[in-house]
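See structure below.
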Amino acid sequence: MQQHDSFKRTMKQRHLMLLSFGGVIGTGLFLSSGYTLQQAGPLGTVLSYIIGAVLVYLVMLCLGQLAIKHPVTGGFHVYASRYIHPAVGYIVAWFYWLTWTVALGSEFTAVGLLMQKWLPDVPVYIFSTIAIILVLVFNIISTRFYAEVEFYFSLVKVIAIIAFIILGIAVIIGLINYDGYQGSSTIIERYTQPTFPNGLGAVFLTMLAVNYAFSGTELIGIAAGETEAPAQVIPKAIRATLWRLIIFFIGTMVVISILIPSYQGKSLESPFVVIFQRIGIPFAGDIMNIVIITALLSAANSGLYAASRMIWSLANEGMFPQWFGVLNRAKLPIRAILFSMLGGLLSLLSSVYVADTLYVVLVSIAGLAVVIVWMSICISYFNAKRLEPSLKIHQSVPIIAFILCFISCIGMIFDSNQAPALYFGIPFAVLALLYYYFKYNRKESTNL
């Protein structure tokens, strides 16, 4: 591996945990969880999230071992280059960069739309521009400042989810009156009438959305090169993050599935708002609007961080112009940050001007990209384990995780919303591969 410069190792375990939360806990949980409920039904939704939790746990076990052995900024792209092939690492890096730059556009647009709840006469682009400036400032001051901002952003979301789960449990055990809830008879009715409203197959189709909802946990691997004492901090951060995420996601889904009939699950209506309003929390809509805007800024903050580090890593590996691999005096990749924000601005424009065509395709590609990244982590660890049997995680773990990821990819064929990912994602990978061989033609493995 070429080495232009090194990052400051200023992130602590709490920063890593909340960085991962920032990437994972977003509109997928606060808004579109209602859509999953509508498609799979209450029991199907809980099952989908349990399977998704198992998958992400297995993938992160593999990533944790790789990050401890090679604590470099850029993470799994470098592992794929070393343990699979440099061309695969190149494709993985670009897919992951695309995932986050597409997400930036959607998050900035959504911030503008949500702000119009209070100021309907102000154009969306004004609020989006303010959000862009804020996120850019957070990322260019220092890594420590970015991590602190992300810590408090994510804390808001975590508090909202904990409050939601506690209040939901209070309703379920009868401490709070809730219109339409009749105790155990309601629970039995929700889970059995019908058990799977759209058939058992819908559970597997919603797994795609669930996998995407869990994406972001791999940010711990991206930040390994900026972490204090990575061998000690990374395993603890992964364990702590995963268990909290599993409790948050599955706990939230159990509460939602019991307290909201599946036919009310709509993609544009937050189940959080519905339940808070029914419990009688004053200003529930406004409170959740603030929480969701915070979640969007947090996800954009994490997204710009991840995208810029991936570009820096490509430049550092000699697979992108070295100009992007330069760090400033504060040890920040300013050029990579600005380039990644430019990608976010382009996706922002596509979400405004061609929302029904290009943007839908980009989002579906982003969903596929996450699964591809996870699959590359599995293969990388499998190969690393063969070379170095001393690695702690058993070789069956990456095999099981890879199979679950592959099932998700197969499921895309049968989901009209996800199918464009295959039609455009595969040609994107082919073009990236051809460009790699035309431009670099590197056959040797990357040395870490």
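Here, each number is a calculation from the coordinates, and none is a lab measurement. As the structure is a prediction and not an experimental result, all values here were calculated from the model. Note: ideal-geometry Cβ built from the backbone for every residue, glycine included; neighbour counts use all protein chains shown.
Just a few scattered comments:
- Each label was represented as a point 7 Å from its Cα along the Cα-to-Cβ direction; for F414 and L113 these points are 2.9 nm apart.
- Over 32 Å between alpha carbons, listed pairs K157/K439; K157/K236; K117/K236; K236/K439; K236/K385; K69/K331: K157/K439; K117/K236; K236/K439
- Summary of packing: across the peptides 272-281, 95-104, the per-residue average of other C-beta atoms within 10 Å ranks them, highest first, as 95-104, 272-281.
- Label-reachable residues, the stretch 304-345, where backbone N falls under 16 Å from a point 7 Å from Y125's Cα toward its Cβ: 345
- Converting phi to 3J(HN,Hα) with the Karplus coefficients 6.51, -1.76 and 1.60 and the offset θ = phi - 60°, the stretch 41-55 yields x, x, 5, x, 5, 4, 4, 4, 6, 5, 4, x, 5, 4, 4 Hz in sequence order, with x at every glycine or proline.
- Of the residues G280, S298, F320, the one whose Cα sits farthest toward the positive end of the charge dipole of the stretch 229-331, with +1 on the Cβ of Lys and Arg and -1 on the Cβ of Asp and Glu, is F320.
- For peptides 205-216, 403-414, sequence by mean Cβ density within 10 Å, most packed first: 205-216, 403-414
- For the stretch 86-127 versus the stretch 329-343, the gap between their alpha-carbon centres in whole angstrom: 17 Å
- Environment charge at L61 (Cβ cut-off 15 Å; Lys +1, Arg +1, Asp -1, Glu -1): +4
- For the stretch 13-439, the calculated P(r) over all alpha carbon pairs, in 10 Å bins from 0 to the bin holding the longest distance, is 5, 22, 33, 27, 11, 2, 0 percent.
- Site pair I162 and L349 shows an inter-label distance of 4.4 nm when each label is modelled 7 Å from Cα along Cα→Cβ.
- The stretch 31-131 shape via C-alpha gyration tensor axes, a/c threshold 1.5: oblate
- In nm, spacing of pseudo-spin labels at F424 and L175 (7 Å Cα→C-beta vector): 4.7 nm
- Burial order of peptide ranges 123-131, 193-201, 234-242, 372-380 (average beta-carbon count within 10 Å, highest first): 372-380, 234-242, 123-131, 193-201
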